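The values are calculated or read from the model by the stated rules, or taken from the named source; none is laboratory data. Not measured: the values here are computed from a predicted model. Quick reminder, even Gly has a Cβ in these numbers, built from the backbone with ideal geometry, and neighbours come from all protein chains shown. Ligands, DNA and RNA are excluded from the accessible area calculation, which covers all protein heavy atoms including side chains. Shrake-Rupley method; radii C 1.70, N 1.55, O 1.52, S 1.80 Å.
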Amino acid sequence: MTHEEYMREALDLAKKGMGFTSPNPMVGAVIVRNGEIIGKGYHKKYGDLHAERSAFAYCDANSIDCTGADMYVTLEPCCHYGKQPPCTEAVIAHGIKRVFIGSSDPNPLVAGKGTQILRDHDIEVTEGILRAECDELNEIFFHFITTGMPFVTMKYAMTMDGKIACYTGNSKWITGETSRAHVQKERLRHSAIMVGVGTVLADDPLLTCRLENGHGPLRIICDSSLRTPLCSNIIKTANEVPTVIATISDDIERISLYEAEGCRIIKTSPKDDHVDLYELMKTLGSEKVDSVLLEGGGEMNWSALNAGIVSKVQAYIAPKLFGGSGKTPVSGFGVPAPDNAFMLENSRIVNIGNDIMIESRVKKCSRE
């Protein structure tokens, strides 16, 4: 096997931790000697063994000597104490000869220090093996650790003529089952899912992850004037699934009704008579919510783009045409000229069943 093939094995391991390691990264590790994989591990959940120590634990439990072996790890080994001790210490103690790394760690506590410690102990280090794939795996972690703000993915489903609902408001279902299953994986990957009150009033969703053994993300409703019905599915299940209502309302009596149902209220400053989404993201980031999947309607999407909080856009496109005056995925006032558009970059197209998904990063630039 090549270096890339071993690293891809480590990547496949890392992906098993999706949805469970937040706010830590997903990491996989493979130990190789004489062309044979003798140990492997991954970071299974937050607070559990890191990937390197998980791989060593397997070797130790099976009396496998790692002296002189190679290690392939998707992210630079940590060199500081957190929930777990430094992985660099374990690599050194187990006599690893060479370490092949996918991504460098942007965490200021690591950021090159891990690789330097290994080199200082005469361990050969090679960086950048499948770096693009390893970086993409942890785009949420990289964004959060460097900005302190959640990585926000704006997701919507639309027809080929750009409609997210018929003129009647009916939107079930635009995309097929395969696309909807893909969305469930995105819900697992993100720490929170956010909608506006308009979506709650129109669809009465549950906003849960329906994957087997998956866990529900934090649910956030942006509801400036507290219009969310107490009989809605989200409120009725707030004692089972963590639920936040973000508002600018001072109605103490109304707030107490939601709190009695198990909801948490986050108040922000008003922004054009609505929730200040940037302030909300700062609050969530301070509470280690590293990612938000935005599944709102056109108005919510417009507000999020204007607030500058969107990192990525996922458009699921079905081979259908609705015509008429159906709703579009981004509404609001719109931009006055093409030069004022929100620019996207690094786009990729994925076939999902009969649908396609276009995924793009939002190009950050000044909009003054």
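What part of the accessible area of the range 93-175, given as a whole %, is carbon or sulfur when the probe is 1.4 angstrom? Each step should come with its number before you reach the end.
Values: 2040 of 3850 Å².
Carbon-and-sulfur percentage of accessible area, whole number: 53.
On a straight-distance basis, which lysines could pair with residue 364 in a cross-link, Cα separation under 19 angstrom, same-chain partners fewer than 8 positions away excluded?
Counting by Cα, and skipping residues close in sequence, residue 364 has these lysines nearby: 155, 282, 312.
Between residue 246 and residues 5 or more places away or on another chain, which pairs have amide H atoms under 5 Å apart, with H built 1.01 Å from N, and which residues are they?
Residues meeting the amide H criterion: 221, 222, 223, 266.
On full extension of the chain, what length is gained from residue 80 through residue 121, given 0.36 nm per residue of separation minus the C-alpha to C-alpha distance?
Computed gain between residue 80 and residue 121 is 13.1 nm.
Ignoring ligands, DNA and RNA, what percent of the 1.4 Å accessible area of the range 30-73 is carbon and sulfur?
Details: 860 of 2000 Å².
Of the solvent-accessible surface of the range 30-73, carbon and sulfur hold 43 percent.
Taking the Cβ-Cβ separation of residue 286 and residue 63 as r and a Förster radius of 56 Å, what is the calculated FRET efficiency to the nearest 0.05?
Values: r = 46 Å, r/R0 = 0.82.
Once the sixth-power term is evaluated, E becomes 0.75.
Between residue 133 and residue 266, what length in nm is gained on full extension when 0.36 nm per residue of separation is reduced by their alpha carbon distance? Spell out each step's value before the answer.
Details: separation 133, 0.36 × 133 = 47.88 nm, distance 3.63 nm.
Working it through step by step, the gained length comes to 44.2 nm.
In the chain, which longest range has no chymotrypsin sites (Phe, Trp or Tyr not before Pro) that are both DSSP loop (not H, G, I, E or B) and surrounded by at most 12 other Cβ atoms within 10 Å?
So the longest stretch without any such site is 174-332.
Starting from the amide H of residue 216, placed 1.01 Å from N in the peptide plane, find each other amide H under 5 Å away whose residue is 5 or more places distant or on another chain.
209
How much of the accessible area of the range 205-344, probe 1.4 Å, is carbon plus sulfur, in whole percent?
Carbon and sulfur together cover 52 percent of it.
If you count the DSSP beta bridges with both ends in the chain, what percent of them are antiparallel, to the nearest 5? Working shown, then result.
On the way: 25 of 61 bridges.
Antiparallel: roughly 40 percent of the beta bridges in the chain.
Taking only protein heavy atoms and a 1.4 Å probe, what accessible area per residue, in Å², does the range 227-354 have with all protein chains in place? The partial results should precede the final answer.
Numbers: 6860 Å² over 128 residues.
Value returned for the range 227-354: 54 Å² of accessible area per residue.
When the helices in the chain are scored as -39500 (n - 2.57) per DSSP H run of 4 or longer and the sum is shared across all residues, what 222 nm value do you end up with, to the nearest 500 deg cm²/dmol? Please list the in-between numbers first.
Details: 12 runs with 108 residues, N = 368.
Theoretical 222 nm ellipticity from helices: -8500 deg cm²/dmol.
Are there trypsin sites (Lys or Arg not before Pro) in the range 79-115 that DSSP puts in a loop and that have at most 12 other Cβ atoms within 10 Å, and which ones?
Sparse-neighbourhood loop trypsin sites (Lys or Arg not before Pro): 83.
Identify which of the listed values of Cα extents along the principal axes in Å was calculated from the structure shown: [x] 54, 47, 37; [y] 67, 45, 43; [z] 50, 47, 45.
Label of the calculated value: [y].
Can you return the lysines within cross-link range of residue 40? Criterion is Cα-Cα under 30 Å, with same-chain partners fewer than 8 residues away left out.
15, 16, 83, 97, 113, 185, 288
Which of these, 121, 94, 274, has the largest mean-square fluctuation under a Gaussian network model of the chain (Cα springs below 10 Å)?
Between 121, 94, 274, it is 121 that shows the largest mean-square fluctuation.
Leaving out ligands and nucleic acids, note down the accessible area per residue over the range 133-218 with a 1.4 angstrom probe, in whole Å².
On the way: 3730 Å² over 86 residues.
Result: 43 Å² of accessible area for each residue.
Through the Karplus equation 6.51 cos²θ - 1.76 cosθ + 1.60, θ set to phi - 60°, convert the phi angles of the range 199-211 into ³J(HN,Hα) values in whole Hz; use x for Gly and Pro.
Rounded to whole hertz, the list is 5, 5, 5, 7, 10, 6, x, 8, 6, 10, 8, 9, 6.
By how many nm would the segment from residue 93 to residue 4 grow when fully extended, if each residue of separation counts as 0.36 nm and the alpha-carbon distance is taken off? Walk me through the numbers on the way to the answer.
Details: separation 89, 0.36 × 89 = 32.04 nm, distance 2.56 nm.
Full-extension gain reported as 29.5 nm.
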